[in-house]
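*Asks:* Quick one: the structure is below, and I'll ask about it shortly.
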Amino acid sequence: MILDTAWRRDTTGRSELSDVPNRVEALRRFLRAVDDHLPEERLAPARTVVDRAGQRMGLSREHTVVALAGATGSGKSSLFNALARLQLSQVGVRRPTTGVAHACVWGAEHSGELLEWLGVPPSRRFRRESALDGDDERKLRGLVLLDLPDFDSVEEAHRVESDRLLSLVDLVIWVLDPQKYADRVVHERYLSHFARHRDVTVVVLNQTDRLEPADAERCLEDLKRLLTTDGLDGVPVLATSAVDRPGPRQLRDLLEGAVAKRRAALERLGGDLDDVVAAFEPLLGPEAAEHSVDRESIETLTTALAGAAGVPMVTDATRRAYRRRALAEMGWPVSRWLGRLRPDPLRRLRLGDAGAAVTEATSLPPAAPAERAAVGLALRALGDRAGAGLPEPWPGAILDAARSRADDLPDELDVVIARTDLGVSRRPAWWRFVGVLQWAATLVALVGLAWLAVRYVFFALGLPELPGPNVGRVPLATVLLFGGLLAGVLVSAVVRPLIGLGSRRAAARAATRLHAAVREVGRELVVAPVRDVLHAYADARTALRAVRGR
């Protein structure tokens with residue numbers, strides 16, 4: 001039976017028709033995922049399919065829209081009238097004949113919105129139902145048959161209207177005539193573009209009543225050969241005429257089968273979705289899980305950002321500030337006062353203590369050209385490694401994401417450097433203990449010095465020598481003076497290596513904290529945008545696989 005061959009579906013790698021709404025929703029997800037990463041002109045056809053699918057599925061599912069498409073002189077208007085069994089569409093030989101689509105509806109209930117969507121004027125809508133219609137006509141109930149404008153019309157508006165309706169209808173019947181069935185324009189511009197819509201494509205060789213049976217058979221075989229070249233092998237190819245021999249009987253049978261199954265609309269949408277998948281097939285690269293921002297790239301970026309942010313300078317200033325503050329706490333009181341005359345290395349850089357909120361910028365110098373170049377190379381390396389192996393345009397999108405906030409990096413780095421607690425604000429308890437020892441030694445020395453000074457005054461004035469205790473043969477005052485001085489020197493000698501060790505540890509601790517802060521800036525301004533693109537790729541890949549249906 002021709003109906004069986006016409007509507008037998010090739011299910012190899014194809015989803016069931018019931019999955020078409022799910023595939024449309026998956027296409028919506030795909031468009032959302034790639035919206036910021038693909039040019040709009042590439043996405044426009046897919047958006048059109050989504051919009052058209054949503055509109056068509058929201059309209060009457062009881063009706064099957066079938067279009068008769070053909071060139072001038074192919075006899076499609078006569079065939080339209082023969083199928084309707086009414087004289088509805090004007091038949092002529094002058095170009096152009098059909099300028100506006102005509103519609104014949106079997107079962108007009110709920111068809112109004114559908115015809116409005118198709119853009120068929122009310123004056124060109126005809127109902128094919130009456131109490132006199134027999135069972136033969138009732139078999140076509142639910143059919144909307146369109147006679148399209150000629151697609152080769154000399155009037156551009158006619159061609160535009162024909163192309164518009166060809167993108168909307170559920171099933172297309174290409175009406176060819178024996179004289180022009182091999183026309184290159186028909187095959188290259190139209191038929192070859194319907195290769196993925198073979199389930200909703202029918203080709204008829206019309207006006208075969210003008211041929212001898214043998215000639216008609218040869219034309220049909222040649223037409224099938226051409227259709228194979230167009231990628232439409234296996235589509236129904238019928239011989240028809242608007243008169244009795246052979247007549248439109250086979251075509252009516254096919255239309256009855258299409259109307260009864262009510263599958264053409266979904267099959268057409270499925271073909272549109274297959275077209276979209278084919279256009280975006282190159283985007284189906286490897287699994288997204290295989291691609292991420294690796295730790296090595298993050299550490300390379302952190303090192304480059306730390307250099308540009310002045311972390312080595314701040315680390316060295318921390319070491320010197322620790323040393324200065326330790327000496328100011330544990331040195332001789334006189335040296336402490338002298339030490340305060342020198343500026344604090346951290347405060348010179350406008351770096352506060354204990355991570356206090358800082359609203360103004362530090363006084364760190366701008367990054368040198370070599371440091372800026374290192375950051376640029378690190379951004380490129382991170383983007384290249386994250387996008388390696390992905391199909392276009394994702395590597396470029398990932399690289400753009402890595403660089404997207406490069407201009408914000410200097411200010412953000414300056415802020416986190418200023419707000420990072422470098423760990424030098426707290427004074428260790430042993431500092432205070434040593435400071436007390438230094439004060440005690442200093443006071444002892446001062447007592448001895450004062451005592452010696454008084455004895456010297458008495459001696460200078462010729463007064464009797466003040467008696468005083470001795471330590472052996474050395475006066476106690478002398479012992480106190482030099483003992484206090486020697487104690488201060490010894491305490492300083494003992495704590496100086498400890499101060500050096502503490503300053504190096506403070507510098508290392510500050511470097512660790514600064515690198516952690518810089519790493520977070522890199523994660524926020526560089527890694528996060530890259531991961532957003534990688535997630536978009538993964539979402540797009542998953543969605544496109546769902547659109548593909550396998």
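*Asks:* What do you get for trypsin sites (Lys or Arg not before Pro) in the stretch 149-235 restricted to DSSP loop and a cutoff of at most 16 other Cβ within 10 Å of the site's Cβ?
*Replies:* When the trypsin sites (Lys or Arg not before Pro) of the stretch 149-235 are filtered for loop state and at most 16 Cβ neighbours within 10 Å, Lys180 remain.
*Asks:* So what is log10(I(q)/I(0)) for the chain at q = 0.07, 0.09, 0.13 1/Å, when the Debye sum runs over its Cα atoms only?
*Replies:* Log10 I(q)/I(0), no solvent term: -0.64, -0.80, -1.18.
*Asks:* Same structure, new question: With N denoting the number of residues in the stretch 146-217, provide Rg(C-alpha) divided by 2.2 N^0.38 Å, to two decimal places.
*Replies:* So the Cα radius of gyration is 1.18 times the expected 2.2 N^0.38 Å.
*Asks:* Please compute the modelled spin-label separation between Arg504 and Arg531, points set 7 Å along Cα→Cβ, answer in nm with one decimal.
*Replies:* With each label placed 7 Å out from Cα toward Cβ, I get 3.7 nm.
*Asks:* What is the antiparallel percent of DSSP beta bridges lying wholly in the chain, to the nearest 5? Don't skip to the answer; put the middle values down first.
*Replies:* Numbers: 6 of 27 bridges.
That works out to approximately 20 percent antiparallel.
*Asks:* By how many nm would the segment from Ala453 to Glu212 lengthen if fully extended, with 0.36 nm per residue of separation less the alpha-carbon distance? Provide the component values of the computation, followed by the final result.
*Replies:* Working: separation 241, 0.36 × 241 = 86.76 nm, distance 14.55 nm.
Net length gain for the segment: 72.2 nm.
*Asks:* Taking only the Cα atoms of the stretch 137-185, how large is their convex hull per residue, in Å³?
*Replies:* That works out to 114 Å³ per residue.
*Asks:* Can you give the angle from 0 to 90° between the axis of helix 295-309 and the longest principal axis of the chain, with both taken from C-alpha atoms, to the nearest 10?
*Replies:* 50 degrees
*Asks:* Hey, what did the chain get for relative contact order, percent, Cα under 8 Å, at least 6 apart?
*Replies:* Across the chain, relative contact order equals 19 percent.
*Asks:* So how do Thr420, Thr228 line up by other beta-carbon neighbours within 10 Å, fewest first? Before the final figure, lay out each step's value.
*Replies:* Numbers: Thr420 21, Thr228 12.
The most exposed by this proxy come first: Thr228, Thr420.
*Asks:* Let me ask something additional. Take the Cα atoms of the stretch 399-486, find their three principal axes, and give me the spread along each one in whole Å, biggest first.
*Replies:* 93, 27, 15
*Asks:* Also, I was wondering about something else. Hey, which lysines would be in cross-link range of Lys261, C-alpha to C-alpha under 24 Å, not counting anything within fewer than 8 residues on its own chain?
*Replies:* List returned: Lys139.
*Asks:* Between 0 and 90 degrees, rounded to the nearest ten: what's the tilt of helix 156-166 against the longest Cα principal axis of the chain?
*Replies:* Taking the Cα atoms of the chain, the angle to 156-166 is about 80 degrees.
*Asks:* If you don't mind, there's one more thing I want to ask. Name the residue farthest towards the positive end of the dipole of the stretch 288-548 from the options Leu486, Thr303, Ala401, assuming +1 on Cβ of Lys and Arg, -1 on Cβ of Asp and Glu, about the Cα centre.
*Replies:* Sorting the options by dipole projection puts first Leu486.
*Asks:* Add -39500 (n - 2.57) for each DSSP H run of 4 or more in the chain, then divide by its residues: what number comes out at 222 nm, to the nearest 500 deg cm²/dmol?
*Replies:* Here the helix-only value at 222 nm equals -18000 deg cm²/dmol.
*Asks:* Would you mind ranking Val204, Val50 so that the residue whose beta carbon has the fewest other beta carbons within 10 Å leads the list?
*Replies:* On the way: Val204 29, Val50 20.
Fewest-to-most ranking of Val204, Val50: Val50, Val204.
*Asks:* Also, quick follow-up: What do the square roots of 5 times the Cα gyration tensor eigenvalues come to for the stretch 288-548, in whole Å, largest first, as semi-axes of the equivalent ellipsoid?
*Replies:* Semi-axes from the Cα gyration tensor: 64, 15, 12 Å.
*Asks:* Among Pro45, Val447, Ala157, flag the residue with its Cα farthest along the positive direction of the charge dipole of the chain, charges on Cβ as +1 for Lys/Arg and -1 for Asp/Glu.
*Replies:* Val447
*Asks:* Under 20 Å from the Cα of Lys224, which aspartates and glutamates turn up, not counting those fewer than eight places away in the same chain?
*Replies:* The qualifying aspartates and glutamates are Asp4, Asp10, Asp177, Asp183, Glu188, Asp199, Asp209, Glu212, Asp215, Asp233.
*Asks:* Fewest first, what order do Trp106, Trp451 take by the number of other Cβ atoms within 10 Å?
*Replies:* Trp451, Trp106
*Asks:* With charges set only on the Cβ (+1 for Lys and Arg, -1 for Asp and Glu), what does the dipole of the chain come to about its Cα centre, in debye to the nearest 20?
*Replies:* Taking the Cα centre of the chain as origin, the dipole is about 3920 debye.
*Asks:* Have a look at Ala538, Gly387, Leu351 and report the one farthest towards the positive end of the charge dipole of the stretch 288-548, computed about the Cα centre with Cβ charges (Lys/Arg +1, Asp/Glu -1).
*Replies:* Final value for the positive-end residue is Leu351.
*Asks:* Compute the long axis of helix 476-522 from its Cα atoms, compare it with the longest principal axis of the Cα atoms of the chain, and write down the angle in degrees, 0 to 90, nearest 10.
*Replies:* Roughly 0 degrees between the two axes.
*Asks:* OK, next. Hey, any idea what Rg/Rh is for the stretch 178-241, computing Rh the Kirkwood way over Cα pairs?
*Replies:* 0.96
Coordinate-derived values only; no laboratory data. Model, not experiment: these values are computed from the prediction. Glycine also receives a Cβ, built like all others from the backbone with ideal geometry; neighbour counts cover every protein chain displayed.
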